[in-house]
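First the structure, in the form of structure tokens, and then the observations on it.
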């Protein structure tokens, strides 16, 4: 029913069913993994009103496994990508795998999927470090460029008393640059592709 994918590796579809509604993937060499994708294979949908909570666990130095909620998948959202490189050992919470004897990965981590009611999934809070940024790299570049231009132009700001007359030089009021900056940011937030028109 589920698959697990790590960039540069083969797709895993060999989840171990550790309970009637719980599945576990072993993730060897997890120290070199930044992101993991969990998805439905498309062969069997979730029963009506159900979805899958996705958990991650790696060996805790204190012993045992600590499970962390990454997020969820549903029939309407059949795949999700999670960042696991920033997660810290020992920062787990309540999880459904504690009552299940999931066969521990000897030197690796595990990704678990627990089939749960959608209402229950909506009330759970994933670990914040697992969220993958949805900000487009172009949007990030544009924001950094705007900040850089505004900071650069502002560094030349002088008061009218400090200005020396120079007929060959044009001056632009810094309020004009600020107004353009704020207007561009607003339009970019409304439609990141507005500049293509």
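The values are calculated or read from the model by the stated rules, or taken from the named source; none is laboratory data. Quantities reported herein were computed from a predicted structural model and do not represent experimental measurements. We place every Cβ from the backbone using ideal geometry, glycine too, and count neighbours over all the protein chains shown.
Restricting to the stretch 146-175, name every residue that is surrounded by 11 or more Cβ atoms within 10 Å (Cβ to Cβ) and within 21 Å of residue 194 (Cα to Cα).
146, 147, 149, 150
Restrict the check to the stretch 31-54 and report whether at least one residue is in contact with a strand residue (DSSP E or B) (Cβ under 8 Å, 6 or more places away or on another chain), at pLDDT below 85 and assigned by TED's automatic domain parsing to the domain that holds residue 126.
no
With the structure loaded, tell me whether residue 25 is touching a helix residue (DSSP H, G or I) at 6+ places or on another chain (Cβ under 7 Å) and either under 20 Å from residue 115 (Cβ atoms) or at pLDDT 90 or above (or both) or whether it fails that test.
No, not satisfied.
For the stretch 66-81, check the following and say yes or no: at least one residue is at pLDDT below 90, in the same structural domain as residue 124 (by TED's automatic domain parsing) and over 24 Å from residue 120 (Cβ atoms).
No, the stretch 66-81 has no match at all.
Restricting to the stretch 28-60, and then to whatever is within 13 Å of residue 74 (Cβ to Cβ) and within 17 Å of the chain's Cα centre (by Cα), can you tell me which residue is surrounded by the most Cβ atoms within 10 Å (Cβ to Cβ)?
38
Among the residues of the stretch 84-102 satisfying the criterion of being buried (at least 18 other Cβ atoms within 10 Å of the Cβ) and closer than 17 Å to residue 36 by Cα, which is modelled with the lowest pLDDT?
If we take residues in the stretch 84-102 being buried (at least 18 other Cβ atoms within 10 Å of the Cβ) and closer than 17 Å to residue 36 by Cα, then 87 is modelled with the lowest pLDDT.
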